[in-house]
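The values are calculated or read from the model by the stated rules, or taken from the named source; none is laboratory data. Since this is a predicted model, take the numbers as computed values, not measurements. Virtual Cβ from ideal backbone geometry, glycine too; neighbours counted across all protein chains shown.
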Amino acid sequence: MCGIVGYIGYREAYPIVLKGLQRLEYRGYDSAGIALYDDKELKVSKTKGKVVDLKEKLESEISTTGTLGMGHTRWATHGVPNDVNSHPHLSNSGNLVIVHNGIIENYESLKKELTSRGYTFHSDTDTEVLVNLIEDVIKKENVKLGKAVQIALNQTVGAYAIAVFDKTKPNEIVVARLGSPLAIGVGNEEYFIASDASPFIEFTNNAIYLEDGEMAVVRRNKGVKVRKIKDDSLVDPYIQELQLNLEQIEKNGFDHFMLKEIYEQPSAITDTYRGRLLVDDGIIRMAGVDDNLERFLNAKRIVIVACGTSWHAGLVAEYVFEDLARIPVEVEYASEFRYRNPIINSDDVVIAISQSGETADTMAAIKLAKEKGAFVFGVCNVVGSSISRETNAGAYTHAGPEIGVASTKAFTTQITVLTLIALKLAKAKGSISNSDFHMHLRELETIPQKVEESLKSNEHIQKVAFKYKDARNCLYLGRGFNFPVALEGALKLKEISYIHAEGYPAAEMKHGPIALIDEEMPVVVIATRKGHYEKVVSNIQEIKSRQGKIIGIVTEGDTSVRELADYVIEVPDTIEALTPLITTIPLQLLSYHIAVMLGKNVDQPRNLAKSVTVE
Ligand code: G6P
């Protein structure tokens, strides 16, 4: 959601800011803009649409010179996506310019007050209110920009990451964060501002990640001063050395990030269990779990909170934890959990799953669970993200940057981490026999190879995609461990092809969705040999008798489903608890190819955002 980029230094800011905005496109947005200052004038250009549209418009409108600049991709909250509501926004004097992620909740009362004192507003945004509030403080209190930002932010309620500069003092950018991420890239006599490190990774590996409630004044040639917004106390900034490299955030010959990320799954899963899964020693080593083993073992239950695809990974984990570790599990949408006065006790373990580590609802759920005394464990992909810092302990998925909005490798690596935890607890509790435990470890180690095998069906899946690309609806069915995979398969199709799709437990079909089945309806059925196979075959018979079109995801060598289905896609055999890691692959490829054939924007589907930092 919304992306911020800024530069202050000795190079031309424009190419850095523009490229940075392109790198942040994956976050999801509907308009974009840039402000540049070139020692004489402040130039602002913005537009509804994509960064390519901005480039075209901007280069015809303004000169692109200047060593101070910032840009923004906007995902509309207040005010429709149009040129005027796009950021950056100027203050009434035209001196201050701001970009903002998040929501200022009390903007209406602030706006009323500023209007009564003669301020005028051109957009419908809360951001324009904030920049004028800062200007008002400068005028009234006769303070510098940094102080004015601080005073103004202390009058606001809401969430934000902001960057603001004053064209009359063009040697500094002031930034602040509360609830939305903000990183400062520290170069040699130059500084970069961004929502994540991807816009500046080719310039510097050193970054300061602001904590919630912190602001910084970033001065050309003079360094960065970080303070607490509330009490003005100085903070010694921690400069982190980034592990990210450019290759990880580029497409590397793939047509889309999503496809690249689907193909990265064998190595991503290996990276997830590297150093943790010690098959020869029969050990699973995970510091976050080892250090808190008693909490896990004494837990009366585990509550999993997450959103979107991460919630589906949580559902898979429910089956895995209960089956292997015999610990009761509840899986909750974070957005529901946070508002329903949940019963949480100090002996509950709450696991929060989040790829980005920034999802606002998941973050709020964590805070609530902590308030109620629970031990909160995070499963995140983005290292150093807000959720990874807010949780009591955690385990990273180590999937590498996921840029495609539709989550793929994050899902399978989340399942991998959660399976490792479940196995570890099962061993510690004695709920799994030694031989079963070792068998699971050995099998888990073969999963990357089996994912690789599944990817070989790509061309065949393309043919299936071509056959069903014009469907208006699609049903996904699975049972047991593969019921959440059916939900995830349906979500993937919806997200990127805009075809309506529903995931259902196969047996539940007869309580509703069966009414939808006719010769127009493709039904994707996960029917691997392990786990209720015969029952699923009966469900397939029921679809067949109603002329539904059947696409079976089957185990290699299957014959029964092949006889009934219109198409089958084979996957390698594995133990039941690990099948989701394999059966997910063809569903990802199927939705990818359908979306490509329909000419959709696969990596940035309409209206969606990669990291949802508003509730
Ligand atoms: C958005 C993304 C999804 C993601 C969900 C949760 O909706 O588009 O792909 O699953 O947020 O995000 P998280 O970063 O918390 O896993």
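Looking only at residues that are in a loop (DSSP other than H, G, I, E, B) and without any contact (Cβ under 8 Å) to a residue 60 or more places away in the chain in segment 278-298, which one is nearest to the ligand (Cβ to nearest atom)?
Here the answer is 285.
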Being crowded, with 18+ Cβ neighbours inside 10 Å, small (Gly, Ala, Ser) and in a helix (DSSP H, G or I), is that true of even one residue in segment 152-159? yes
Can you say whether residue 359 is modelled with pLDDT under 95, within 11 Å of the ligand (Cβ to nearest atom) and crowded, with 19+ Cβ neighbours inside 10 Å, as far as the supplied structure shows?
yes
Residue 353 meets each of (1) away from the ligand (no atom under 11 Å from the Cβ); (2) assigned to a strand (DSSP E or B) with one exception, condition (1)
* Could you tell me whether segment 306-324 includes any residue that is over 27 Å from residue 443 (Cα atoms), among the acidic types (Asp, Glu) and out of contact with any Leu (no Cβ under 6 Å at 6 or more places or on another chain)? => no
Quick count over segment 451-478, residues being crowded, with 21+ Cβ neighbours inside 10 Å and either of a type in the set (S, T, N, Q) or modelled with pLDDT under 95 (or both), is 1
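Against the definition (within 15 Å of the ligand (Cβ to nearest atom), aliphatic (A, V, I, L, M), in contact with an Asp or Glu (Cβ under 8 Å, 6 or more places away or on another chain) and without any contact (Cβ under 8 Å) to a residue 40 or more places away in the chain), how does residue 331 come out, yes or no?
Values: within 15 Å of the ligand (Cβ to nearest atom): yes; aliphatic (A, V, I, L, M): yes; in contact with an Asp or Glu (Cβ under 8 Å, 6 or more places away or on another chain): yes; without any contact (Cβ under 8 Å) to a residue 40 or more places away in the chain: yes.
Criteria met by residue 331.
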Test result for residue 98, assigned to a strand (DSSP E or B), farther than 24 Å from residue 168 by Cα and not hydroxyl-bearing (Ser, Thr, Tyr): no
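To keep it simple, each residue is scored yes or no on (1) at pLDDT below 95; (2) within 16 Å of the ligand (Cβ to nearest atom); (3) not in a loop (DSSP other than H, G, I, E, B).
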residue: 488; (1), (2), (3): no, yes, yes
residue: 518; (1), (2), (3): yes, no, no
residue: 529; (1), (2), (3): yes, no, no
residue: 535; (1), (2), (3): yes, no, yes
residue: 538; (1), (2), (3): yes, no, yes
residue: 541; (1), (2), (3): yes, no, yes
residue: 546; (1), (2), (3): yes, no, no
residue: 573; (1), (2), (3): no, no, no
When residue 243 is run through (1) more than 21 Å from the chain's Cα centre (by Cα); (2) part of a loop (DSSP other than H, G, I, E, B), the failure sits at (1)
Condition set in contact with a Ser or Thr (Cβ under 7 Å, 6 or more places away or on another chain) and outside any helix (DSSP H, G or I), scope segment 299-320, selection farthest from the ligand (Cβ to nearest atom): answer is 305
*asked:* Quick check on residue 564: is it under 26 Å from residue 320 (Cβ atoms) and of a type outside the set (Ser, Thr, Tyr)?
replied: no
In the set 392, 341, the lone residue that is away from the ligand (no atom under 15 Å from the Cβ) and touching a strand residue (DSSP E or B) at 6+ places or on another chain (Cβ under 8 Å) is 392
A careful count of residues in segment 321-350 that are assigned to a strand (DSSP E or B) and charged (D, E, K, R) gives 3
